[in-house]
Amino acid sequence: MAIVTVGINLAKILFAMHGVDEAGKPAPVRPEVPRAKLVESIANLSPCLIGMEACSGAHRWAREFAKYGQAAWETRRRPD
């Protein structure tokens, strides 16, 4: 099955990626991606929804991912 959602934990050096298929089951994605390979890894995926935490760099990454037909979504922590 195709990956429909990817979650990315943004970091300085290594980014953690987790994929989910149409059935909601984990799908194979590179678990650790160096910064230099992140755009390449996303470009190799079929169009999907990408979720990442809202931070100053998330807007930049969302614009980069959109160039490859990806839909990026930023999560925001709800106040307790």
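The values are calculated or read from the model by the stated rules, or taken from the named source; none is laboratory data. None of these values were measured; they are calculated from a predicted model. Neighbour counts are summed over all protein chains in view; Cβ atoms, including those assigned to glycine, are modelled from backbone coordinates with ideal geometry.
Quick one: is residue 7 in contact with a His (Cβ under 9 Å, 6 or more places away or on another chain) and either among the basic types (Lys, Arg) or at pLDDT 90 or above (or both)? Give the derivation first.
Values: in contact with a His (Cβ under 9 Å, 6 or more places away or on another chain): yes; either among the basic types (Lys, Arg) or at pLDDT 90 or above (or both): yes.
Considered against the rule, which asks whether it is in contact with a His (Cβ under 9 Å, 6 or more places away or on another chain) and either among the basic types (Lys, Arg) or at pLDDT 90 or above (or both), residue 7 comes out as yes.
For segment 37-55, how many residues meet the condition of being of a type in the set (Ser, Thr, Tyr) and touching a helix residue (DSSP H, G or I) at 6+ places or on another chain (Cβ under 6 Å)? Working first, answer last.
Taking segment 37-55 first, the residues of a type in the set (Ser, Thr, Tyr) are 41, 46.
Within this subset, residues satisfying the condition of being touching a helix residue (DSSP H, G or I) at 6+ places or on another chain (Cβ under 6 Å) are none.
Looking only at that region, the number is 0.
Look through segment 52-66, keep the residues that are more than 16 Å from residue 12 (Cβ to Cβ) and not hydrophobic (A, V, I, L, M, F, W, C), and return whichever of them is surrounded by the most Cβ atoms within 10 Å (Cβ to Cβ). Give the derivation first.
First, pick out the residues of segment 52-66 that are more than 16 Å from residue 12 (Cβ to Cβ): 54, 59, 62-66.
Filter again for not hydrophobic (A, V, I, L, M, F, W, C), leaving 59, 63-64.
Working: 59: 12, 63: 10, 64: 15.
Filtering first and then ranking leaves 64.
Return the residues of segment 38-59 that are modelled with pLDDT under 90 and out of contact with any strand residue (DSSP E or B) (no Cβ under 6 Å at 6 or more places or on another chain); say none if nothing qualifies.
Across segment 38-59, the qualifying residues are 55, 56, 57, 59.
Within segment 30-61, can you find the residues that are touching a residue at least 12 places away in the same chain (Cβ under 8 Å) and closer than 21 Å to residue 1 by Cβ?
30, 31, 41, 42, 43, 45, 46, 47, 48, 49, 50, 51
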